[in-house]
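**Student:** Handing you a structure now.
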Amino acid sequence: MFNILLVAGILLVIGILILMFRLSVLVDISRGKDDLKPGMSNKVNGMLLMVFLIGGLGWLIWYSWAEFDRYNLPLASKHGAETDQLFWITTAITGFVFILTNILLFYFSFRYQHKEGHRAKFFPHNDRLEIIWTVLPAIVLTILVAKGLIVWGDVMAKAPDDAEVIEVMGYQFAWEARYPGKDNAFGEYDYKLIDGANTFGLDLENDASYDDFSPLEIHIPKGKTVLFRIRARDVLHSVYLPHFRVKMDAVPGMQTVFKFEATKTTQEMRDELNNQEFNYEMACAEICGRGHFSMRKILVVDELEDYEKWKKAQRAWLKLNPDYLSKVPPNKKEAAMVKAGINKEDL
Ligand SMILES: [Cu+2]
């Protein structure tokens, strides 16, 4: 409470000072003294602009240096090398122009501040200058955009037929993954079937559903294309795997995709980072509500043979939720139990 009062008091004093300054200017004008000399405030403003320039640049350089490892995570995917290269080229070009123009902007404001007896040069137009600063950025941006489109085209191209397809679904506030199971086909789903346990809305009249499984951690193989089929159950979310340079919105009512190939297993990355606690994680990169921060899912990259072993050891969703056998049509029950690996004795 005291802090609020203090801030309010300071703001009030500043407001009063500004008003007094404005009033004195208006009084001077009403007395006919409109050839006002800028005086001290002009010099102070000029100095402040220089302080802002030097402070801002210093902060930018320090921050970029000190936090480098946090915004430049080690790379673990094939296409990531290309997107990284694109990022750094774009950052170098736009960064150079940004710093140069800002130095000129603030320095000129300081250097060419009002001085008695000085008059600014009238310089209304110069065709050559106009052409240079229109054509040059147009060429550079065209090259950057074209390169971006080529890389994007590669990333979005159709995945090979033997790709590992995994469904990733975001909802408030978690990620769920679904694998097609041994038949390599995903069961149909319907939002009307969603309930407490059936988070996917899995259609239990569909044969392909019975062996689908939904693990707590996502596993993917190293050195093989993985295709994420992404969807959202409620609002916008965004699949974000920073080490793999993967980011794709999860949109309710439509499917988005992202294909990538991991180049380092979890263990390899642990050894590289010298941190045996390390885990790849999937985060949500679209503010989706109160629990957004908690949308964290661990992703494990295995060697291909370990991945196949892990897949075999997974139990079907239906096996873990045998109550839902009652939703399977009676004539399909036998086959569903075989497919889901449910024994009669288990029930
Ligand atoms: Cu979110």
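**Student:** Could you order peptides 157-164, 331-338 by the average number of other Cβ atoms within 10 Å of their residues, highest first?
**Tutor:** Details: 157-164: 12.0, 331-338: 14.0.
Output ranking for 157-164, 331-338: 331-338, 157-164.
**Student:** Sorted by average packing, counted as other Cβ atoms within 10 angstrom per residue and highest first, what order do 110-121, 72-83, 17-28, 258-269 take?
**Tutor:** Details: 110-121: 9.1, 72-83: 17.8, 17-28: 10.6, 258-269: 20.2.
Peptide ranking by packing, descending: 258-269, 72-83, 17-28, 110-121.
**Student:** Place a +1 charge on the Cβ of each Lys and Arg in the chain and a -1 charge on the Cβ of each Asp and Glu, then give the dipole magnitude about the Cα centre in debye, rounded to the nearest 20. The partial results should precede the final answer.
**Tutor:** Values: 40 positive and 44 negative charges, 350 e Å.
I would put it at about 1680 debye.
**Student:** So how do Arg270, Arg233 line up by other beta-carbon neighbours within 10 Å, fewest first?
**Tutor:** Fewest-to-most Cβ neighbours within 10 Å comes out as Arg270, Arg233.
**Student:** Looking at the calculated P(r) for the stretch 164-346, what percent of the C-alpha pair distances fall above 25 Å?
**Tutor:** Values: 6118 of 16653 pairs.
Of the Cα pairs, 37 percent sit more than 25 Å apart.
**Student:** Additional query: Determine ³J(HN,Hα), in whole Hz, for all residues of the stretch 89-104 in sequence, where each value follows from phi through the Karplus function 6.51 cos²θ - 1.76 cosθ + 1.60 and θ = phi - 60°; x replaces Gly and Pro.
**Tutor:** Karplus-based 3J(HN,Hα) across the stretch 89-104 equals 5, 4, 5, 5, 5, 5, x, 4, 5, 4, 5, 4, 5, 6, 4, 5 Hz.
**Student:** Would you mind estimating how fast the chain diffuses translationally, via Stokes-Einstein at 25 °C and 0.890 mPa s with the Kirkwood radius over Cα pairs, in µm²/s? Walk me through the numbers on the way to the answer.
**Tutor:** On the way: Rh = 26.1 Å.
Approximately 94 µm²/s, per Stokes-Einstein.
**Student:** Another question, then. Of the cross-linked pairs Lys78/Lys297; Lys259/Lys339; Lys222/Lys247; Lys224/Lys247, which ones have a Cα-Cα span greater than 25 Å in the structure shown? List each step's numbers first, then the result.
**Tutor:** Numbers: Lys78/Lys297 22 Å; Lys259/Lys339 28 Å; Lys222/Lys247 19 Å; Lys224/Lys247 19 Å.
With Cα atoms farther than 25 Å apart: Lys259/Lys339.
Taken together, the values in this text are just the output of simple stated rules run on the coordinates, not laboratory data. Bear in mind that the values here come from a model prediction, so they are computed numbers and not experimental data. For neighbour counting, all protein chains shown are included, and Cβ atoms are generated from backbone atoms with ideal geometry for every residue, glycine included.
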